[in-house]
There are 2 protein chains.
Amino acid sequence: MDTTQVLKGMLDTAVLAALRVHPSYGYDLVRRLRHDGFSDVADASVYGTLRRLHRAGLLASEIVESDAGPPRKYYALNQAGTDELARSAETWQRITSTMNRLLGGEGTR
Amino acid sequence: MDTTQVLKGMLDTAVLAALRVHPSYGYDLVRRLRHDGFSDVADASVYGTLRRLHRAGLLASEIVESDAGPPRKYYALNQAGTDELARSAETWQRITSTMNRLLGGEGTR
DNA sequence: TGTACTACTATGCAGTGTGTAGTACGGGTG
DNA sequence: CACCCGTACTACACACTGCATAGTAGTACA
């Protein structure tokens, strides 16, 4: 299994979940996600995901000055993002149970 | 979360796992995978995955005449496929624990 | 001045699931 | 016989998205 391919589609959910904890910005999310198990995720992937989710209306954004570099673009879940995260969590549950059943090897007929 | 996107990369593992139970052919795998939870998987995806896995040297194939339609192309795991499946199962474990931790909402710092 | 860290943007490529169409065989129905 | 359906596979173009790479720009420190 190639983690790059598995990431496709899961990164959205991972970013939403990370933002549920508290609003954040790209550079910080990259570090947090890498620390949390997505150790190889590319920064461009996270920035791209944030833009896509924002364009889809799931995130609010706000520019905040930083004292350590360029201004940061903070993102936060809005109601649509919260709802989407809840749906994604359910989907994830279904997928894991399906995969665990398959990998467990119970016959499938 | 879009199941189409999540499928990318997981379908390989799902097909390998299904073939571990017993050798099979495309049309049958489509039905089994749909029955087992991948209800929306397209047949072209499964056929494509089988060709890809075969080309990668993970599957043996054999043409078998059928009494109900055209001949079937049976696929079976070889040693490389068995090994790959074991590796994929481990990767899957890591991914699930990472995602469950994120979705569980434990702070990530 | 130069290096490093921070923070984001832009472009093009690669892998893969999907839609659609097509080929081909056999059996049943009218 | 003509037609449709289920079976079984192939082929092509397309869409989506992660990634590599490069670039811009701010602050800090030597």
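The values are calculated or read from the model by the stated rules, or taken from the named source; none is laboratory data. Since the structure is predicted, the reported quantities are computational estimates derived from the model, not experimental observations. Here the Cβ positions follow ideal geometry from the backbone for every residue, glycine too, while neighbour counts run over all protein chains shown. Side chains are part of the model used for accessible areas, which takes the heavy atoms of the whole protein and leaves out ligands, DNA and RNA. Shrake-Rupley method; radii C 1.70, N 1.55, O 1.52, S 1.80 Å.
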Check your understanding: With a 1.4 Å probe, how much accessible area is buried between chains A and B, both sides summed, in Å² to the nearest hundred?
Key -> 3600
Point to revise | Gained length - B:VAL64 relative to B:ALA86, 0.36 nm times residue gap less alpha-carbon distance | key: 5.1 nm
**Study point:** Selection from B:THR96, B:ALA80, B:LEU50, by position along the positive dipole direction of segment B:3-96 (Cβ)
**Key:** B:THR96
**Study point:** Cα centroid separation - segment A:7-46 against segment B:16-48, whole Å
**Key:** 32
Revision key, fill the gap. Copies of A:ASP28 compared via label points 7 Å along Cα→Cβ give distances in nm, shortest first, of 5.5
Check your understanding: Which residues make up the longest stretch of chain B that has no GluC sites (Glu not before Pro) in a DSSP loop with at most 11 other Cβ atoms within 10 Å?
Key -> B:1-64
**Study point:** Spin-label pair B:HIS22/A:ASP40, simplified geometry with 7 Å Cα→Cβ offset, distance in nm
**Key:** 3.6
Review point. What is the distance, in nm, between label points placed 7 Å from the Cα along the Cα-to-Cβ direction at A:SER97 and at B:ARG31?
Key: 2.5
Point to revise | D_trans [Stokes-Einstein, Kirkwood Rh over alpha-carbon pairs] for the protein assembly as shown, 25 °C, 0.890 mPa s, µm² s⁻¹ | key: 130
Check your understanding: Along each of its three principal axes, how wide is the spread of alpha-carbon positions in chain B, in whole angstrom units, largest first?
Key -> 60, 29, 20
Review point. In sequence order, what are the phi-derived ³J(HN,Hα) couplings for segment B:63-77 according to the Karplus relation 6.51 cos²θ - 1.76 cosθ + 1.60 with θ = phi - 60°, rounded to whole Hz, with x for glycine and proline?
Key: 7, 10, 4, 10, 8, 9, x, x, x, 9, 9, 7, 10, 9, 5
Review point. Applying 1/(1 + (r/R0)^6) with R0 = 25 Å to the Cβ-Cβ distance of A:HIS54 and B:ARG55, what FRET efficiency is obtained, to the nearest 0.05?
Key: 0.05
